[in-house]
1. Those residues that are among the charged types (D, E, K, R) and either in a helix (DSSP H, G or I) or crowded, with 22+ Cβ neighbours inside 10 Å (or both), I need them from the stretch 126-145; list them, please.
2. If you go through the stretch 255-289 one residue at a time, how many are basic (Lys, Arg) and either touching a strand residue (DSSP E or B) at 6+ places or on another chain (Cβ under 6 Å) or within 19 Å of PRO231 (Cα to Cα) (or both)?
3. Residue check: is GLN108 farther than 19 Å from LEU70 by Cα and either surrounded by fewer than 21 Cβ atoms within 10 Å (Cβ to Cβ) or β-branched (Val, Ile, Thr) (or both)?
4. Could you check ALA252 against (1) in contact with a strand residue (DSSP E or B) (Cβ under 6 Å, 6 or more places away or on another chain); (2) under 27 Å from THR198 (Cα atoms); (3) not polar (S, T, N, Q); (4) not in a helix (DSSP H, G or I) and say which number it fails?
5. Quick one: which of SER88, SER18 is outside the structural domain of ASP255 (by TED's automatic domain parsing) and not in a helix (DSSP H, G or I)?
6. Spot the failing condition for CYS195; the list is (1) within 26 Å of ARG149 (Cα to Cα); (2) assigned to a loop (DSSP other than H, G, I, E, B), and only one is missed.
7. Quick one: in the stretch 223-249, which of the residues that are outside any loop (DSSP other than H, G, I, E, B) and of a type in the set (Val, Ile, Thr) is surrounded by the fewest Cβ atoms within 10 Å (Cβ to Cβ)?
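The values are calculated or read from the model by the stated rules, or taken from the named source; none is laboratory data. Note that the coordinates shown come from a computational prediction; the quantities given were computed from them, not determined experimentally. Heads up, the Cβs are rebuilt from the backbone with ideal geometry, glycines too, and the neighbour counts pull from every protein chain shown.
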Amino acid sequence: MKRTDNKIVKNMIYLPLSAAYGAAVALRNKLYDLGVLKSEKVAVPTIGIGNITVGGTGKTPHAEYLIRLLKGSAAVCYLSRGYRRCSSGFVLAGEDADAKTLGDEAYQIHSKFPDIPVAVDEDRLHGIGELTRDRDDAVVILDDVYQHRRLHVGLNILLVDNNRLIYRDRMLPYGELRESFRNTDRADIIVITKCPETMQPVDCLSVRKQIAPFPYQKIYFTRYAYSEPVPLYSAPVVSLSGRNVLMVTAIARPDDLYAHLCGEAAGVERMTYDDHYSFSMSDMKNVERRLQAMPEDTVV
């Protein structure tokens, strides 16, 4: 089948589904806007980080940035739904926490910031109540809550991937939008993420013009700054310069990391798994076999 034929078939199947999905989402949002469906406020300050596209806009790195920024001056807590965890309901991270009980993103936050309360709950209102029960001075950072309109978030931060600008996209399942790009109006702050180092002020102005923020909104542009390699076990930290790398990922958009490693290492091979993939022993053996076929200086 020719590429043109593929596009025709895709249009025939997905465009009607996207229209129906978009109408359902628009109706839900309108019911909240009119007050038919209620948004509830909580007693503690909340900061929400979310997006209107599926996956890979950088929510977790930006949550980590906020934690580092605020934890010296506020009683910061972190709450997410715990995507793809094996548990259910409210779970507060403790010494025995792992990715299965918290989900990989919340467990990453807990591992990096063991001194702050980290919890997961599908019901964010219930989760906030449990998490802040004895913490009246808490500031709760909420992951992936832009569509969770049952909760009135104090400060809504919307992330937009510079490589997938929302005004060029379409609704699911034809495109990757969870809701219309016009719904950026609910955000207090819009952050354009994954900007290249070469991005110029004129490029920022072009994006800003298309996003068209309201007077009450702030818009910022961010990029990733990669740290030096961190050993998982007791091996010393090594420089990637002149070495080979086997990149094993289970994230939504690994291309940025791949490009970074290609600029640092002599050679990079990649093994790509689905976002939030749960690795098995068989997968680890496949990684080991791939590693054995590469030069001795290879870093995984």
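1. At the first step, the residues of the stretch 126-145 found to be among the charged types (D, E, K, R) are 130, 133-137, 143-144.
Once the filter is applied, which keeps residues that are among the charged types (D, E, K, R) and either in a helix (DSSP H, G or I) or crowded, with 22+ Cβ neighbours inside 10 Å (or both), the stretch 126-145 yields GLU130, ASP143.
2. At the first step, the residues of the stretch 255-289 found to be basic (Lys, Arg) are 270, 285, 289.
Now narrow it down to the ones that are either touching a strand residue (DSSP E or B) at 6+ places or on another chain (Cβ under 6 Å) or within 19 Å of PRO231 (Cα to Cα) (or both): 270.
Qualifying residue count for the region: 1.
3. It is false that GLN108 is farther than 19 Å from LEU70 by Cα and either surrounded by fewer than 21 Cβ atoms within 10 Å (Cβ to Cβ) or β-branched (Val, Ile, Thr) (or both).
4. (1)
5. Values: SER18 fails: not in a helix (DSSP H, G or I).
Of SER88, SER18, the one residue that is outside the structural domain of ASP255 (by TED's automatic domain parsing) and not in a helix (DSSP H, G or I) is SER88.
6. That leaves (1) as the condition not met.
7. Filtering the stretch 223-249 down to residues outside any loop (DSSP other than H, G, I, E, B) leaves 244-249.
Then keep just the ones that are of a type in the set (Val, Ile, Thr); that gives 245, 248-249.
On the way: VAL245: 22, VAL248: 19, THR249: 17.
Out of the qualifying residues, it is THR249.
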